[in-house]
1. Filter segment 375-419 down to the residues that are touching a residue at least 40 places away in the same chain (Cβ under 8 Å) and charged (D, E, K, R) and list them by number.
2. Considering (1) closer than 19 Å to Val189 by Cβ; (2) in a loop (DSSP other than H, G, I, E, B); (3) within 16 Å of the ligand (Cβ to nearest atom), say which one Ala238 fails and leave the rest.
3. I'd like to verify a number: residues in segment 160-190 that are outside any helix (DSSP H, G or I), surrounded by 23 or more Cβ atoms within 10 Å (Cβ to Cβ) and more than 12 Å from the ligand (Cβ to nearest atom), how many?
4. Quick one: what pairs do we get from segment 31-54, first residue of a type in the set (Lys, Arg), second modelled with pLDDT of 95 or more, C-beta under 8 Å, 6+ apart or different chains?
5. Output the qualifying pairs, or none if there are none: Cβ atoms under 7 angstrom, residues six or more apart or on different chains, first residue in segment 252-272 and more than 10 Å from Val242 (Cβ to Cβ) and in contact (Cβ under 8 Å) with a residue 12 or more places away in the chain, second residue among the acidic types (Asp, Glu) and assigned to a loop (DSSP other than H, G, I, E, B).
6. Restricting attention to segment 249-281, report how many residues are of a type outside the set (A, V, I, L, M) and under 24 Å from Leu376 (Cβ atoms).
7. Pick out the one residue from Leu287, Leu282 that is of a type outside the set (Val, Ile, Thr), modelled with pLDDT of 95 or more and within 16 Å of the ligand (Cβ to nearest atom).
Amino acid sequence: MTARPPAPAGTRVPDTALAGGVGGVAGGLRTLTAIALDALADGAAERGGPLPAGGPQAVAERTRALCTPMLPRRGTGAADALYDTVRAAAQGAADPADPHCVAHLHCPPLALAAAADLAASALNPSMDSWDQAPAAAVIEEEVSAALARLVYPAAPRPDALITSGGTESNLVALLLARERARAAGTGPVRVLCGRAAHHSVQRAAWLLGLPAPAAVECRDGRMLPAALDRALAGLGGAPALVVATAGTTDEGAVDPLPELARVAASHGAELHVDAAYGGPLLFSDRLAPMLAGIEQAVSVTFDLHKFGWQPVAAGVLALADAGRATALSLRADYLNADDDTEAGLPDLLGRSLRTSRRPDVLKIAATLRGLGRDGLGRLVEHCVDTARELGRTIDADAHLRRRPGEIGISTVLFRPAAADRLAERQGEAAGDALVAEVRRRLLADGLAVLGRARAADPDAGGRRRLWLKATLLHPRTTAGELAGLLKLVTELARDRPVTTPA
Ligand SMILES: *Cc1c(COP(=O)(O)O)cnc(C)c1O
């Protein structure tokens, strides 16, 4: 193990140095930041791949060796504790900046965004009242306006709330629909979503005391407008919120938004689009048409910690009309007393369900300005194009088989041909077990982080089978790097006996 490099001569950082103030940077933050950066570099070098080798037990042992006891009677001092903790986290990280880390909607953050997030931590504005965040509140207003305009270019009064991610955005979307139905006195709102909708839609309905969402039939992972029409007709005029998905988690499928919007409108139902994954396609002029119809939704969930390359958290709930958010408004005398608001202090409390709230907009603002719409659009295009290239490479490889059909946004499902042969000889469970085993071996050896998804196989009579999933969010990964990943899969599928069921 490498020891912490000695601090530059003469620099000693008191354990209780503060990050802020005029003297904050010189008083310790610069020195400590340099130590954290050294630890990041050392930890990443020690890992040497997309994730640590050895599996959960080995990772736990190495990590505990560096950062326990966790609450000693006498502290180790700021510099050592910082170096060891950051090094432990980096050494044992699943690093989405590695081209072989492609399991989830887990993006490599831009250095620009991470650096801005350090400033957010040092300044620590809290977004629940103006007197805690005078400038950050203005930055949030501008970010909200720009993102609202991106989703709703023609709406007279759009708005966007900053959230912790898709889960919170969907929760607030359902809450606003519930409150709208309550204000209209038309009975509880009924939620309808596709079978492939994200689990947070179910959870939100559960949390809000709404009837469980009705699951509308899908084909190829996309909601069928005719099935939605039948489901809405069966509600007998009860208020309804249709939740469409633009980019499903398993397949990247985009629901047919214009058709769903038309069907919803014909029944007087409202449309919400969960575009947590797909929303940033709007940055690209070439790809934005994939989301045609999204502007007909009353609200849109949109994550920037997936496509958007922000560190978690960076979520957005765009609203077609700012008035929809008034249900969130709230008075708390210590944060937004009426006379303060009348005297001109902006009231921030009604923009979130949270009270204390991180200024996640700082990193978003730096990114939007730094890269611009075209720069962000090019990054999204790179991911979408690379997914198509990966698809073609798999199609040309006799050892692998891609799930037939279109590639959803940047998600590629495939499995080793050996799994198909095994399924034929020994049954579906054996084929699926090989797929699962290949994924776990790659994880255990620290070679690759691939996802898994169960989805229909048109080549097997529509049977639901297990697939390996590559979700491409890396804005610079190359087809050559991904070919290396495919080679690993092929070799493991050939060599590894199946030891455990899927
Ligand atoms: C990721 C995702 C969510 C959940 O978002 P978080 O940011 O993880 O809370 C919801 N819906 C879809 C379609 C997603 O891809």
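The values are calculated or read from the model by the stated rules, or taken from the named source; none is laboratory data. Keep in mind it's a predicted model, so treat the numbers as computed, not measured. Because the Cβ atoms are built from the backbone with ideal geometry, glycine has one as well, and the counts that use them run over all protein chains shown.
1. Those that are touching a residue at least 40 places away in the same chain (Cβ under 8 Å) and charged (D, E, K, R): Arg378, Glu381, Glu389, Asp397, Arg401, Arg403, Glu406, Arg415.
2. It is condition (3) that Ala238 fails.
3. Going residue by residue through segment 160-190, those that are outside any helix (DSSP H, G or I) are 160-165, 185-190.
Within this subset, residues satisfying the condition of being surrounded by 23 or more Cβ atoms within 10 Å (Cβ to Cβ) are 160-163, 189-190.
After this cut, where a residue has to be more than 12 Å from the ligand (Cβ to nearest atom) as well, the list is 160-162, 189-190.
Number of matching residues: 5.
4. Arg47/Ala90; Arg47/Gln91; Arg47/Gly92; Arg47/Ala93; Arg47/Asp95; Arg47/Gly446
5. Here the result reads Ala253/Asp220, each pair linking segment 252-272 to a residue that is among the acidic types (Asp, Glu) and assigned to a loop (DSSP other than H, G, I, E, B).
6. Within segment 249-281, residues that are of a type outside the set (A, V, I, L, M) and under 24 Å from Leu376 (Cβ atoms) number 10.
7. Details: Leu287 fails: within 16 Å of the ligand (Cβ to nearest atom).
Of the residues listed, the single one that is of a type outside the set (Val, Ile, Thr), modelled with pLDDT of 95 or more and within 16 Å of the ligand (Cβ to nearest atom) is Leu282.
Conditions tested, residue by residue: (1) assigned to a loop (DSSP other than H, G, I, E, B); (2) surrounded by 15 or more Cβ atoms within 10 Å (Cβ to Cβ).
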| site | (1), (2) |
| --- | --- |
| Thr16 | yes, no |
| Leu29 | no, yes |
| Ala39 | no, yes |
| Asp42 | no, yes |
| Leu82 | no, yes |
| Asp95 | yes, yes |
